[in-house]
Amino acid sequence: MTKQPTHWWQSATVYQIYPRSFADSNGDGMGDLPGIVSKLDYLQQLGIGVIWLSPIFQSPMADNGYDIADYEAIAPIFGTLEDFDRLIAEAKARGIGILMDLVVNHTSDHHRWFIDARSARTSRYRDFYVWRDAGSDGGLPNDIQSTFGGPAWTLDEASGQYYFHQFAKEQPDLNWENPEVRAEIYAMMNRWLDRGIAGFRMDVINLIAKEPDRGITADGPKLHEYLQEMHRETLAGRDVLTVGESWSATPESALLYSGRDRRELSMVFQFEHVMAQWHETWGKWQPKPFDLVGLKRIISRWQEALADDGWNSLFWGNHDLPRAVSKYGDDKGYRVESAKMLATVLHFLKGTPYVYQGEEIGMTNVPFTSIAQYRDIETLNMHRLHLEAGLPEADFIAGANENGRDNSRTPMQWSAGPNAGFTSGTPWIDVNPNHTQINVEAAEHDPLSILAHYRRLIALRKEMRIIVDGRYRSWLDEHPDVMAYTRSVADQSIMVVANFTARSVTVDVPQALRRKWVTVIGAAAPADVLPATLSLGPFEANVWATAASVDG
Ligand code: TEU
(Lines give C-alpha, C1' and ligand atoms only; values in the text may rest on other atoms or scores of the structure.)
Protein backbone atom coordinates (compact mmCIF):
# COMPACT_ATOMS: atom_id res chain seq x y z
CA MET A 1 0.00 0.00 0.00
CA THR A 2 1.40 3.36 -1.01
CA LYS A 3 1.39 5.84 1.82
CA GLN A 4 -0.64 8.94 1.10
CA PRO A 5 0.77 12.27 2.18
CA THR A 6 -1.19 13.72 5.07
CA HIS A 7 -3.06 16.96 4.70
CA TRP A 8 -4.94 18.94 7.35
CA TRP A 9 -8.15 18.66 5.37
CA GLN A 10 -8.13 14.86 5.54
CA SER A 11 -9.17 14.82 9.17
CA ALA A 12 -11.31 17.95 9.07
CA THR A 13 -15.05 18.14 8.55
CA VAL A 14 -16.48 20.88 6.35
CA TYR A 15 -19.75 22.68 7.09
CA GLN A 16 -21.60 24.30 4.20
CA ILE A 17 -23.41 27.56 4.82
CA TYR A 18 -25.98 28.94 2.40
CA PRO A 19 -25.61 32.53 3.62
CA ARG A 20 -29.03 33.70 2.52
CA SER A 21 -30.70 31.12 4.77
CA PHE A 22 -28.40 30.78 7.77
CA ALA A 23 -28.79 33.70 10.20
CA ASP A 24 -30.16 37.20 9.64
CA SER A 25 -28.67 39.93 11.85
CA ASN A 26 -30.52 42.97 10.51
CA GLY A 27 -34.11 41.88 9.99
CA ASP A 28 -34.20 42.14 6.19
CA GLY A 29 -35.29 38.50 5.92
CA MET A 30 -32.00 37.32 4.46
CA GLY A 31 -29.05 35.81 6.25
CA ASP A 32 -25.79 37.77 6.32
CA LEU A 33 -22.13 37.70 7.38
CA PRO A 34 -22.65 39.20 10.87
CA GLY A 35 -25.30 36.51 11.33
CA ILE A 36 -22.70 33.86 10.54
CA VAL A 37 -20.20 35.43 12.96
CA SER A 38 -22.85 35.24 15.69
CA LYS A 39 -23.07 31.46 15.18
CA LEU A 40 -19.34 30.67 15.15
CA ASP A 41 -19.36 29.38 18.72
CA TYR A 42 -22.06 26.93 17.73
CA LEU A 43 -19.94 25.76 14.78
CA GLN A 44 -16.84 25.49 16.93
CA GLN A 45 -18.76 23.27 19.34
CA LEU A 46 -19.86 21.13 16.43
CA GLY A 47 -16.15 20.57 15.84
CA ILE A 48 -15.87 21.51 12.17
CA GLY A 49 -12.59 22.77 10.73
CA VAL A 50 -13.85 24.51 7.62
CA ILE A 51 -16.84 26.55 6.48
CA TRP A 52 -17.76 26.50 2.80
CA LEU A 53 -19.70 29.68 2.10
CA SER A 54 -21.97 29.60 -0.92
CA PRO A 55 -21.33 32.79 -2.95
CA ILE A 56 -21.38 36.10 -1.09
CA PHE A 57 -20.24 38.30 -3.98
CA GLN A 58 -22.06 41.21 -5.58
CA SER A 59 -24.86 39.72 -7.67
CA PRO A 60 -28.33 40.45 -9.02
CA MET A 61 -29.25 37.10 -7.41
CA ALA A 62 -30.98 35.50 -10.39
CA ASP A 63 -29.47 32.25 -9.08
CA ASN A 64 -28.90 33.36 -5.47
CA GLY A 65 -25.34 34.50 -6.03
CA TYR A 66 -24.21 31.84 -8.52
CA ASP A 67 -24.47 34.75 -10.95
CA ILE A 68 -21.61 37.02 -9.92
CA ALA A 69 -21.52 40.64 -11.03
CA ASP A 70 -18.32 41.61 -9.23
CA TYR A 71 -15.76 39.14 -7.92
CA GLU A 72 -14.12 41.83 -5.80
CA ALA A 73 -17.16 43.03 -3.85
CA ILE A 74 -19.41 41.52 -1.20
CA ALA A 75 -23.15 41.68 -1.92
CA PRO A 76 -24.63 44.40 0.32
CA ILE A 77 -27.39 42.05 1.52
CA PHE A 78 -24.63 39.92 3.07
CA GLY A 79 -22.50 42.77 4.44
CA THR A 80 -19.21 44.46 3.68
CA LEU A 81 -15.60 43.52 3.12
CA GLU A 82 -14.96 44.49 6.74
CA ASP A 83 -17.62 41.98 7.81
CA PHE A 84 -15.90 39.36 5.71
CA ASP A 85 -12.48 40.11 7.19
CA ARG A 86 -14.03 39.85 10.64
CA LEU A 87 -15.54 36.50 9.72
CA ILE A 88 -12.16 35.20 8.56
CA ALA A 89 -10.48 36.41 11.75
CA GLU A 90 -13.18 35.22 14.17
CA ALA A 91 -13.37 31.84 12.45
CA LYS A 92 -9.59 31.51 12.51
CA ALA A 93 -9.57 32.24 16.24
CA ARG A 94 -11.81 29.17 16.60
CA GLY A 95 -9.65 26.97 14.38
CA ILE A 96 -12.00 27.27 11.41
CA GLY A 97 -10.97 28.13 7.84
CA ILE A 98 -13.24 29.74 5.26
CA LEU A 99 -13.74 28.34 1.75
CA MET A 100 -15.16 30.71 -0.83
CA ASP A 101 -17.31 29.55 -3.71
CA LEU A 102 -15.46 30.15 -6.96
CA VAL A 103 -18.01 30.54 -9.75
CA VAL A 104 -15.93 31.00 -12.88
CA ASN A 105 -17.62 28.94 -15.53
CA HIS A 106 -19.89 31.94 -15.98
CA THR A 107 -20.56 35.41 -14.62
CA SER A 108 -23.76 37.36 -14.23
CA ASP A 109 -25.02 39.25 -17.26
CA HIS A 110 -24.60 42.29 -14.95
CA HIS A 111 -20.83 41.78 -14.73
CA ARG A 112 -19.00 44.77 -16.25
CA TRP A 113 -17.16 42.39 -18.60
CA PHE A 114 -20.43 41.18 -20.06
CA ILE A 115 -22.04 44.60 -20.18
CA ASP A 116 -19.05 45.83 -22.14
CA ALA A 117 -18.84 42.64 -24.24
CA ARG A 118 -22.41 42.94 -25.45
CA SER A 119 -22.10 46.66 -26.18
CA ALA A 120 -20.33 46.00 -29.51
CA ARG A 121 -18.72 43.23 -31.50
CA THR A 122 -15.49 45.21 -31.23
CA SER A 123 -15.62 45.46 -27.41
CA ARG A 124 -12.33 44.72 -25.70
CA TYR A 125 -14.25 42.18 -23.58
CA ARG A 126 -16.19 40.56 -26.43
CA ASP A 127 -13.97 37.50 -26.43
CA PHE A 128 -14.36 37.03 -22.65
CA TYR A 129 -17.60 35.23 -23.53
CA VAL A 130 -18.70 32.69 -26.12
CA TRP A 131 -20.40 34.33 -29.13
CA ARG A 132 -21.60 32.59 -32.28
CA ASP A 133 -23.47 33.51 -35.41
CA ALA A 134 -26.85 31.97 -36.11
CA GLY A 135 -26.86 28.42 -37.47
CA SER A 136 -27.20 27.72 -41.21
CA ASP A 137 -31.00 27.69 -40.80
CA GLY A 138 -30.85 31.19 -39.35
CA GLY A 139 -31.70 29.89 -35.88
CA LEU A 140 -29.72 28.68 -32.87
CA PRO A 141 -26.02 27.89 -33.47
CA ASN A 142 -26.71 24.31 -32.29
CA ASP A 143 -29.05 22.36 -30.04
CA ILE A 144 -27.13 22.34 -26.74
CA GLN A 145 -29.59 22.72 -23.87
CA SER A 146 -29.11 24.70 -20.66
CA THR A 147 -29.24 22.93 -17.30
CA PHE A 148 -32.10 25.16 -16.22
CA GLY A 149 -34.15 24.31 -19.31
CA GLY A 150 -34.33 25.74 -22.83
CA PRO A 151 -31.52 26.40 -25.28
CA ALA A 152 -28.01 27.21 -24.07
CA TRP A 153 -27.89 30.08 -26.60
CA THR A 154 -29.56 33.48 -26.32
CA LEU A 155 -29.68 35.98 -29.14
CA ASP A 156 -28.23 39.39 -28.41
CA GLU A 157 -30.45 41.48 -30.70
CA ALA A 158 -28.14 44.47 -30.86
CA SER A 159 -25.10 42.60 -32.19
CA GLY A 160 -27.01 39.86 -33.98
CA GLN A 161 -24.99 37.08 -32.36
CA TYR A 162 -25.87 34.42 -29.80
CA TYR A 163 -24.07 34.01 -26.48
CA PHE A 164 -23.61 30.68 -24.76
CA HIS A 165 -24.91 29.92 -21.26
CA GLN A 166 -25.00 26.46 -19.69
CA PHE A 167 -27.30 27.76 -16.94
CA ALA A 168 -29.81 30.66 -17.04
CA LYS A 169 -29.54 33.31 -19.73
CA GLU A 170 -28.51 35.65 -16.88
CA GLN A 171 -25.36 33.49 -16.50
CA PRO A 172 -23.26 33.87 -19.68
CA ASP A 173 -20.38 31.38 -19.93
CA LEU A 174 -16.86 32.73 -19.74
CA ASN A 175 -14.52 31.83 -22.58
CA TRP A 176 -11.64 29.95 -20.97
CA GLU A 177 -9.89 29.68 -24.33
CA ASN A 178 -9.01 33.33 -23.87
CA PRO A 179 -5.78 33.60 -21.82
CA GLU A 180 -6.83 37.04 -20.59
CA VAL A 181 -9.91 35.52 -18.95
CA ARG A 182 -7.78 32.97 -17.18
CA ALA A 183 -5.28 35.61 -16.05
CA GLU A 184 -8.09 37.75 -14.59
CA ILE A 185 -9.49 34.78 -12.70
CA TYR A 186 -6.13 33.72 -11.28
CA ALA A 187 -5.38 37.27 -10.13
CA MET A 188 -8.77 37.42 -8.44
CA MET A 189 -8.18 34.06 -6.72
CA ASN A 190 -4.81 35.25 -5.45
CA ARG A 191 -6.36 38.37 -3.95
CA TRP A 192 -8.84 36.30 -1.92
CA LEU A 193 -6.20 33.76 -0.93
CA ASP A 194 -3.94 36.58 0.23
CA ARG A 195 -6.82 37.84 2.35
CA GLY A 196 -6.60 34.64 4.37
CA ILE A 197 -9.18 32.20 3.09
CA ALA A 198 -8.57 28.46 3.43
CA GLY A 199 -9.44 27.52 -0.13
CA PHE A 200 -12.17 27.29 -2.72
CA ARG A 201 -15.16 25.21 -3.63
CA MET A 202 -15.20 25.44 -7.43
CA ASP A 203 -18.59 25.62 -9.06
CA VAL A 204 -19.16 23.30 -12.08
CA ILE A 205 -15.43 23.12 -12.67
CA ASN A 206 -15.97 20.25 -15.15
CA LEU A 207 -17.67 22.70 -17.56
CA ILE A 208 -15.04 25.41 -17.93
CA ALA A 209 -13.28 23.84 -20.93
CA LYS A 210 -16.40 23.60 -23.08
CA GLU A 211 -16.10 23.46 -26.84
CA PRO A 212 -19.66 24.17 -27.92
CA ASP A 213 -18.88 23.95 -31.64
CA ARG A 214 -18.04 20.29 -31.11
CA GLY A 215 -21.03 19.77 -28.81
CA ILE A 216 -18.68 19.44 -25.82
CA THR A 217 -19.93 20.89 -22.55
CA ALA A 218 -18.43 18.81 -19.71
CA ASP A 219 -14.85 17.52 -19.52
CA GLY A 220 -13.47 19.42 -22.49
CA PRO A 221 -10.04 18.32 -23.76
CA LYS A 222 -8.26 21.28 -22.11
CA LEU A 223 -9.88 20.92 -18.67
CA HIS A 224 -6.92 19.43 -16.85
CA GLU A 225 -4.45 21.70 -18.61
CA TYR A 226 -6.41 24.70 -17.27
CA LEU A 227 -6.56 23.27 -13.77
CA GLN A 228 -2.82 22.65 -13.75
CA GLU A 229 -2.24 26.18 -14.95
CA MET A 230 -4.58 27.47 -12.23
CA HIS A 231 -2.63 25.47 -9.68
CA ARG A 232 0.69 26.90 -10.82
CA GLU A 233 -0.65 30.45 -10.86
CA THR A 234 -2.60 30.43 -7.60
CA LEU A 235 -2.52 27.36 -5.36
CA ALA A 236 1.10 26.19 -5.54
CA GLY A 237 2.89 26.73 -2.25
CA ARG A 238 -0.33 27.43 -0.36
CA ASP A 239 -1.71 24.83 2.03
CA VAL A 240 -5.36 25.15 1.03
CA LEU A 241 -8.37 22.92 0.41
CA THR A 242 -9.85 22.92 -3.09
CA VAL A 243 -12.92 20.96 -4.03
CA GLY A 244 -14.28 20.98 -7.54
CA GLU A 245 -17.92 20.33 -8.29
CA SER A 246 -18.30 17.85 -11.15
CA TRP A 247 -21.60 16.22 -12.05
CA SER A 248 -19.75 14.19 -14.67
CA ALA A 249 -16.90 12.91 -12.48
CA THR A 250 -16.09 9.22 -12.55
CA PRO A 251 -13.62 7.49 -10.25
CA GLU A 252 -11.19 7.58 -13.17
CA SER A 253 -11.49 11.32 -13.74
CA ALA A 254 -11.44 11.95 -9.98
CA LEU A 255 -7.90 10.57 -10.02
CA LEU A 256 -6.99 13.15 -12.63
CA TYR A 257 -8.42 15.97 -10.55
CA SER A 258 -7.09 14.85 -7.19
CA GLY A 259 -4.16 12.48 -7.82
CA ARG A 260 -1.13 13.31 -5.70
CA ASP A 261 1.18 14.17 -8.58
CA ARG A 262 -1.41 15.95 -10.68
CA ARG A 263 -1.18 19.41 -9.07
CA GLU A 264 -4.85 20.19 -9.62
CA LEU A 265 -7.35 19.96 -6.74
CA SER A 266 -7.64 18.36 -3.32
CA MET A 267 -10.84 16.53 -4.24
CA VAL A 268 -14.04 16.69 -6.25
CA PHE A 269 -17.73 16.40 -5.45
CA GLN A 270 -19.21 13.60 -7.52
CA PHE A 271 -22.92 12.90 -8.02
CA GLU A 272 -23.26 9.34 -9.26
CA HIS A 273 -25.25 8.32 -6.21
CA VAL A 274 -27.57 11.30 -6.72
CA MET A 275 -28.26 10.80 -10.42
CA ALA A 276 -28.75 7.04 -10.00
CA GLN A 277 -32.08 7.97 -8.47
CA TRP A 278 -33.36 10.15 -11.27
CA HIS A 279 -35.87 9.27 -13.94
CA GLU A 280 -34.62 8.69 -17.52
CA THR A 281 -36.93 11.30 -19.08
CA TRP A 282 -38.05 13.64 -16.31
CA GLY A 283 -34.81 13.62 -14.35
CA LYS A 284 -35.11 14.57 -10.72
CA TRP A 285 -38.69 15.78 -11.15
CA GLN A 286 -39.91 12.16 -11.36
CA PRO A 287 -37.70 10.25 -8.94
CA LYS A 288 -37.11 6.51 -8.89
CA PRO A 289 -37.53 4.35 -5.79
CA PHE A 290 -34.52 4.15 -3.49
CA ASP A 291 -32.17 1.25 -4.26
CA LEU A 292 -29.67 0.51 -1.50
CA VAL A 293 -27.77 -2.16 -3.42
CA GLY A 294 -27.09 0.34 -6.21
CA LEU A 295 -26.08 3.03 -3.75
CA LYS A 296 -23.65 0.69 -1.99
CA ARG A 297 -22.14 -0.34 -5.32
CA ILE A 298 -21.42 3.31 -6.19
CA ILE A 299 -19.97 4.13 -2.78
CA SER A 300 -17.74 1.06 -2.85
CA ARG A 301 -16.50 1.81 -6.33
CA TRP A 302 -15.40 5.29 -5.26
CA GLN A 303 -13.88 4.12 -1.98
CA GLU A 304 -11.86 1.47 -3.78
CA ALA A 305 -10.78 3.56 -6.75
CA LEU A 306 -9.42 6.31 -4.52
CA ALA A 307 -7.92 4.03 -1.89
CA ASP A 308 -4.27 4.79 -2.60
CA ASP A 309 -4.34 8.01 -4.56
CA GLY A 310 -6.73 10.91 -4.90
CA TRP A 311 -9.25 11.77 -2.22
CA ASN A 312 -13.02 11.48 -1.81
CA SER A 313 -15.46 14.09 -0.65
CA LEU A 314 -18.39 12.68 1.31
CA PHE A 315 -21.83 14.27 1.42
CA TRP A 316 -25.52 13.47 1.48
CA GLY A 317 -26.81 16.98 0.86
CA ASN A 318 -26.02 20.48 -0.32
CA HIS A 319 -27.90 23.60 -1.44
CA ASP A 320 -28.91 21.91 -4.74
CA LEU A 321 -30.13 18.66 -3.22
CA PRO A 322 -33.02 17.54 -1.05
CA ARG A 323 -32.58 17.08 2.67
CA ALA A 324 -30.63 13.90 3.46
CA VAL A 325 -33.07 12.54 6.03
CA SER A 326 -36.00 13.00 3.63
CA LYS A 327 -34.16 11.51 0.68
CA TYR A 328 -32.34 8.54 2.19
CA GLY A 329 -33.99 8.15 5.60
CA ASP A 330 -37.47 8.39 7.08
CA ASP A 331 -38.41 11.96 8.00
CA LYS A 332 -41.65 10.87 9.66
CA GLY A 333 -41.63 7.91 12.07
CA TYR A 334 -37.85 7.52 12.40
CA ARG A 335 -36.43 10.95 11.72
CA VAL A 336 -33.93 10.96 14.57
CA GLU A 337 -32.87 7.33 14.15
CA SER A 338 -32.47 7.55 10.38
CA ALA A 339 -30.65 10.90 10.43
CA LYS A 340 -28.14 9.46 12.90
CA MET A 341 -27.79 6.28 10.85
CA LEU A 342 -27.03 8.26 7.68
CA ALA A 343 -24.48 10.39 9.51
CA THR A 344 -22.77 7.31 10.94
CA VAL A 345 -22.56 5.58 7.56
CA LEU A 346 -21.05 8.65 5.89
CA HIS A 347 -18.65 9.83 8.58
CA PHE A 348 -16.73 6.57 8.80
CA LEU A 349 -15.97 6.45 5.08
CA LYS A 350 -12.61 7.50 3.71
CA GLY A 351 -12.65 11.10 2.52
CA THR A 352 -13.58 14.54 3.79
CA PRO A 353 -17.16 14.79 5.10
CA TYR A 354 -19.34 17.80 4.30
CA VAL A 355 -22.29 18.71 6.53
CA TYR A 356 -24.93 20.92 4.95
CA GLN A 357 -26.48 23.48 7.32
CA GLY A 358 -29.41 22.02 9.24
CA GLU A 359 -28.45 18.43 8.46
CA GLU A 360 -26.95 18.24 11.95
CA ILE A 361 -30.40 18.76 13.47
CA GLY A 362 -32.20 16.58 10.93
CA MET A 363 -33.98 19.32 8.99
CA THR A 364 -36.41 17.91 6.42
CA ASN A 365 -37.77 18.70 2.96
CA VAL A 366 -40.46 21.35 2.53
CA PRO A 367 -44.20 20.65 2.62
CA PHE A 368 -44.94 23.29 -0.06
CA THR A 369 -48.31 22.89 -1.77
CA SER A 370 -48.10 25.58 -4.43
CA ILE A 371 -45.53 26.67 -6.99
CA ALA A 372 -45.92 30.18 -5.54
CA GLN A 373 -43.96 29.10 -2.48
CA TYR A 374 -40.92 28.16 -4.56
CA ARG A 375 -38.12 30.65 -5.21
CA ASP A 376 -35.49 28.65 -7.10
CA ILE A 377 -34.88 29.69 -10.72
CA GLU A 378 -34.35 26.07 -11.80
CA THR A 379 -37.61 24.89 -10.20
CA LEU A 380 -39.59 27.79 -11.67
CA ASN A 381 -38.13 27.32 -15.18
CA MET A 382 -38.62 23.56 -15.16
CA HIS A 383 -42.15 23.94 -13.85
CA ARG A 384 -43.06 25.96 -16.91
CA LEU A 385 -41.24 23.67 -19.36
CA HIS A 386 -42.36 20.34 -17.91
CA LEU A 387 -45.98 21.42 -17.71
CA GLU A 388 -45.80 22.51 -21.34
CA ALA A 389 -44.37 19.08 -22.13
CA GLY A 390 -47.26 17.32 -20.44
CA LEU A 391 -46.23 16.57 -16.86
CA PRO A 392 -49.25 17.10 -14.57
CA GLU A 393 -48.95 19.97 -12.02
CA ALA A 394 -49.47 17.66 -9.03
CA ASP A 395 -46.67 15.37 -10.26
CA PHE A 396 -44.35 18.32 -10.66
CA ILE A 397 -45.05 19.64 -7.13
CA ALA A 398 -44.55 16.12 -5.74
CA GLY A 399 -41.24 15.89 -7.60
CA ALA A 400 -40.17 19.36 -6.46
CA ASN A 401 -41.06 18.55 -2.85
CA GLU A 402 -38.90 15.47 -3.16
CA ASN A 403 -35.92 16.76 -5.14
CA GLY A 404 -36.21 20.52 -5.73
CA ARG A 405 -33.40 22.80 -4.60
CA ASP A 406 -35.56 24.89 -2.25
CA ASN A 407 -35.85 21.88 0.07
CA SER A 408 -32.43 22.72 1.39
CA ARG A 409 -32.81 26.49 1.19
CA THR A 410 -35.51 27.16 3.79
CA PRO A 411 -34.14 29.07 6.78
CA MET A 412 -31.95 27.38 9.37
CA GLN A 413 -34.09 26.39 12.35
CA TRP A 414 -32.48 27.88 15.43
CA SER A 415 -35.47 27.86 17.78
CA ALA A 416 -39.18 27.13 18.12
CA GLY A 417 -39.82 30.89 18.13
CA PRO A 418 -41.12 33.15 15.32
CA ASN A 419 -39.42 32.39 11.99
CA ALA A 420 -37.39 29.71 13.72
CA GLY A 421 -35.17 32.41 15.22
CA PHE A 422 -33.71 33.00 11.75
CA THR A 423 -34.94 36.57 11.28
CA SER A 424 -36.95 39.25 13.03
CA GLY A 425 -38.31 40.29 9.63
CA THR A 426 -40.09 38.42 6.86
CA PRO A 427 -37.99 35.52 5.57
CA TRP A 428 -37.27 35.49 1.82
CA ILE A 429 -38.66 31.94 1.63
CA ASP A 430 -41.11 30.22 3.96
CA VAL A 431 -39.74 28.71 7.13
CA ASN A 432 -40.52 25.02 7.45
CA PRO A 433 -43.46 24.79 9.90
CA ASN A 434 -41.79 21.86 11.65
CA HIS A 435 -39.29 24.28 13.25
CA THR A 436 -41.43 24.15 16.38
CA GLN A 437 -40.10 20.61 16.90
CA ILE A 438 -36.90 20.57 14.87
CA ASN A 439 -34.49 23.28 15.97
CA VAL A 440 -31.04 23.85 17.45
CA GLU A 441 -32.30 24.95 20.84
CA ALA A 442 -34.27 21.74 21.35
CA ALA A 443 -31.30 19.67 20.15
CA GLU A 444 -28.93 21.42 22.57
CA HIS A 445 -31.04 20.23 25.50
CA ASP A 446 -31.14 16.62 24.39
CA PRO A 447 -28.06 14.43 24.92
CA LEU A 448 -29.47 11.92 22.42
CA SER A 449 -30.09 14.49 19.70
CA ILE A 450 -28.89 14.25 16.13
CA LEU A 451 -26.72 17.27 16.93
CA ALA A 452 -25.00 15.45 19.80
CA HIS A 453 -24.38 12.55 17.42
CA TYR A 454 -22.75 14.80 14.81
CA ARG A 455 -20.52 16.35 17.47
CA ARG A 456 -19.33 12.88 18.42
CA LEU A 457 -18.71 11.78 14.81
CA ILE A 458 -16.76 14.92 13.94
CA ALA A 459 -14.65 14.57 17.09
CA LEU A 460 -13.93 10.89 16.40
CA ARG A 461 -12.42 11.67 12.99
CA LYS A 462 -9.88 13.90 14.72
CA GLU A 463 -9.13 11.24 17.35
CA MET A 464 -9.01 8.01 15.34
CA ARG A 465 -6.44 7.84 12.54
CA ILE A 466 -8.14 4.74 11.19
CA ILE A 467 -11.09 6.86 10.05
CA VAL A 468 -8.71 8.92 7.94
CA ASP A 469 -6.36 6.16 6.75
CA GLY A 470 -8.02 2.77 7.09
CA ARG A 471 -8.59 0.60 4.04
CA TYR A 472 -12.22 0.26 3.03
CA ARG A 473 -13.86 -3.08 2.42
CA SER A 474 -17.54 -3.70 1.82
CA TRP A 475 -19.56 -6.66 3.10
CA LEU A 476 -23.07 -7.95 2.37
CA ASP A 477 -23.07 -6.19 -1.03
CA GLU A 478 -26.31 -7.82 -2.16
CA HIS A 479 -28.23 -7.30 1.08
CA PRO A 480 -31.17 -5.04 0.13
CA ASP A 481 -31.58 -3.40 3.56
CA VAL A 482 -28.21 -3.29 5.28
CA MET A 483 -24.96 -1.52 4.53
CA ALA A 484 -21.83 -2.95 6.09
CA TYR A 485 -18.20 -2.03 5.67
CA THR A 486 -14.93 -2.22 7.50
CA ARG A 487 -11.96 0.11 7.66
CA SER A 488 -8.67 -1.54 8.50
CA VAL A 489 -5.08 -0.77 9.35
CA ALA A 490 -2.44 -3.38 10.23
CA ASP A 491 -3.57 -3.99 13.79
CA GLN A 492 -7.11 -2.70 13.96
CA SER A 493 -10.44 -2.76 12.15
CA ILE A 494 -13.64 -0.87 12.63
CA MET A 495 -16.93 -2.17 11.30
CA VAL A 496 -19.97 -0.11 10.37
CA VAL A 497 -23.25 -1.95 10.03
CA ALA A 498 -26.45 -0.04 9.34
CA ASN A 499 -30.10 -0.84 8.69
CA PHE A 500 -31.59 1.48 6.04
CA THR A 501 -35.18 0.42 6.74
CA ALA A 502 -37.92 1.04 9.29
CA ARG A 503 -38.11 -2.73 9.93
CA SER A 504 -36.04 -4.98 12.12
CA VAL A 505 -33.72 -7.06 9.97
CA THR A 506 -31.21 -9.84 10.45
CA VAL A 507 -27.99 -10.47 8.62
CA ASP A 508 -25.74 -13.50 8.30
CA VAL A 509 -22.38 -12.46 9.68
CA PRO A 510 -19.47 -13.43 7.41
CA GLN A 511 -16.94 -15.70 9.09
CA ALA A 512 -14.16 -13.08 8.97
CA LEU A 513 -16.26 -10.74 11.11
CA ARG A 514 -17.11 -13.28 13.78
CA ARG A 515 -14.79 -11.81 16.37
CA LYS A 516 -14.88 -10.01 19.64
CA TRP A 517 -15.75 -6.34 19.11
CA VAL A 518 -15.90 -3.24 21.31
CA THR A 519 -18.43 -0.48 20.85
CA VAL A 520 -17.46 2.82 19.24
CA ILE A 521 -20.95 4.12 18.40
CA GLY A 522 -24.44 2.67 18.72
CA ALA A 523 -25.63 -0.49 20.42
CA ALA A 524 -23.25 -2.41 22.67
CA ALA A 525 -21.31 -5.13 20.86
CA PRO A 526 -22.01 -8.63 22.19
CA ALA A 527 -19.83 -9.53 25.16
CA ASP A 528 -18.55 -12.53 23.24
CA VAL A 529 -17.54 -13.38 19.70
CA LEU A 530 -20.12 -12.04 17.23
CA PRO A 531 -22.67 -14.83 16.53
CA ALA A 532 -23.63 -16.05 13.07
CA THR A 533 -26.75 -13.89 12.91
CA LEU A 534 -27.00 -10.26 13.86
CA SER A 535 -30.31 -8.41 14.39
CA LEU A 536 -30.69 -4.69 13.81
CA GLY A 537 -33.64 -2.53 14.84
CA PRO A 538 -35.16 0.10 12.53
CA PHE A 539 -32.38 2.37 11.21
CA GLU A 540 -29.96 0.99 13.78
CA ALA A 541 -26.33 1.77 12.95
CA ASN A 542 -23.42 0.43 14.95
CA VAL A 543 -19.72 1.02 14.78
CA TRP A 544 -17.53 -1.50 16.50
CA ALA A 545 -13.77 -1.93 16.69
CA THR A 546 -11.51 -4.94 17.02
CA ALA A 547 -7.80 -5.20 17.77
CA ALA A 548 -6.77 -6.92 14.54
CA SER A 549 -7.29 -6.38 10.83
CA VAL A 550 -10.21 -8.35 9.39
CA ASP A 551 -8.66 -8.06 5.92
CA GLY A 552 -6.42 -11.02 6.78
O1 TEU B 1 -24.65 23.52 -9.68
C2 TEU B 1 -24.43 22.81 -10.86
C3 TEU B 1 -25.58 22.12 -11.37
O4 TEU B 1 -25.47 21.58 -12.43
C5 TEU B 1 -26.84 22.11 -10.56
O6 TEU B 1 -27.55 23.21 -10.95
C7 TEU B 1 -27.54 20.84 -10.77
O8 TEU B 1 -27.26 20.31 -12.01
C9 TEU B 1 -29.00 20.95 -10.71
O10 TEU B 1 -29.40 21.38 -9.47
C11 TEU B 1 -29.59 19.61 -11.00
O12 TEU B 1 -30.88 19.72 -11.41
C13 TEU B 1 -23.87 24.62 -9.40
C14 TEU B 1 -24.37 25.27 -8.12
O15 TEU B 1 -24.18 24.39 -7.05
C16 TEU B 1 -25.79 25.68 -8.31
O17 TEU B 1 -26.36 26.19 -7.14
C18 TEU B 1 -25.80 26.72 -9.41
O19 TEU B 1 -27.12 27.05 -9.71
C20 TEU B 1 -25.12 26.22 -10.69
O21 TEU B 1 -23.90 25.58 -10.44
C22 TEU B 1 -24.81 27.39 -11.59
O23 TEU B 1 -23.79 28.16 -11.03
(message) With the cut-off at 29 Å, tell me which of the pairs Lys210/Lys284; Lys296/Lys516; Lys222/Lys288; Lys462/Lys516 have Cα atoms farther apart than that.
(response) Lys222/Lys288
(message) Could you give the length gained by full extension between Met275 and His7, i.e. 0.36 nm per residue of separation minus their alpha carbon distance, to one decimal place?
(response) 93.5 nm
(request) Give the dimensionless ratio obtained when the Cα radius of gyration of the stretch 431-547 is divided by 2.2 N^0.38 Å. (result) 1.20
(request) Put one equal scatterer on each alpha carbon of the chain, apply the Debye formula with no solvent term, and list log10 I(q)/I(0) at q = 0.08, 0.09 1/Å to two decimals. (result) -0.53, -0.68
(message) Under 17 Å between alpha carbons, and skipping anything fewer than 8 positions from Lys340 in its own chain: which aspartates and glutamates qualify?
(response) Asp330, Asp331, Glu359, Glu360, Glu444, Asp446, Asp481, Glu540
(request) Using a 1.4 angstrom probe on heavy atoms only, work out the carbon and sulfur share of the accessible area of the stretch 171-322 in %. (result) 48 percent
(message) Could you report the stretch 460-552's accessible area per residue, 1.4 Å probe, as an integer in Å²?
(response) 42 Å²
(request) Take every DSSP beta bridge with both residues inside the chain and express the antiparallel ones as a percent of the total, to the nearest 5. (result) 60 percent
(request) Under 1.5 on a/c is rounded, so check that first for the stretch 319-449, then, if it is not, pick prolate when a/b is larger than b/c and oblate when it is not; a ≥ b ≥ c are the square roots of the alpha carbon gyration tensor eigenvalues. (result) oblate
(request) Would you mind getting the accessible area per residue of the stretch 27-66, heavy atoms of the protein chains only, 1.4 Å probe, in Å²? (result) 24 Å²
(message) What FRET efficiency comes out for Gln511 versus Lys462 if R0 is 25 angstrom and r is the Cβ-Cβ distance? Round to the nearest 0.05.
(response) 0.15
(request) Which order do the peptides 107-120, 521-534, 197-210 take when ranked by the mean count of other beta-carbon atoms within 10 Å per residue, highest first? (result) 197-210, 107-120, 521-534
(message) Counting heavy atoms of the protein chains only and a 1.4 Å probe, report the per residue accessible area for the stretch 162-317 as a whole number of Å².
(response) 36 Å²
(request) Multiply the residue separation of Arg375 and Ala548 by 0.36 nm, subtract the distance between their alpha-carbon atoms, and state the gained length in nm to one decimal. (result) 57.0 nm
(request) Within the stretch 262-291, list the GluC sites (Glu not before Pro) lying in a DSSP loop whose Cβ has at most 11 other Cβ atoms in a 10 Å radius. (result) Glu280
(message) Would any residue of the stretch 153-190 have its amide N under 13 Å from a label point 7 Å out along Cα→Cβ of Ser248? List them or say none.
(response) 166
(message) Using the basic label-point model (7 angstrom from Cα toward the beta carbon), what is the Arg94 to Ala389 distance in nanometres?
(response) 4.3 nm
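The values are calculated or read from the model by the stated rules, or taken from the named source; none is laboratory data. From a predicted model like this one, the values you see are computed outputs, not experimental measurements. In this analysis, Cβ positions are derived from the backbone assuming ideal geometry, glycine residues included, and neighbour counts consider all displayed protein chains. Areas reflect the complete protein model, heavy atoms only, side chains present, ligands, DNA and RNA absent. Shrake-Rupley method; radii C 1.70, N 1.55, O 1.52, S 1.80 Å.
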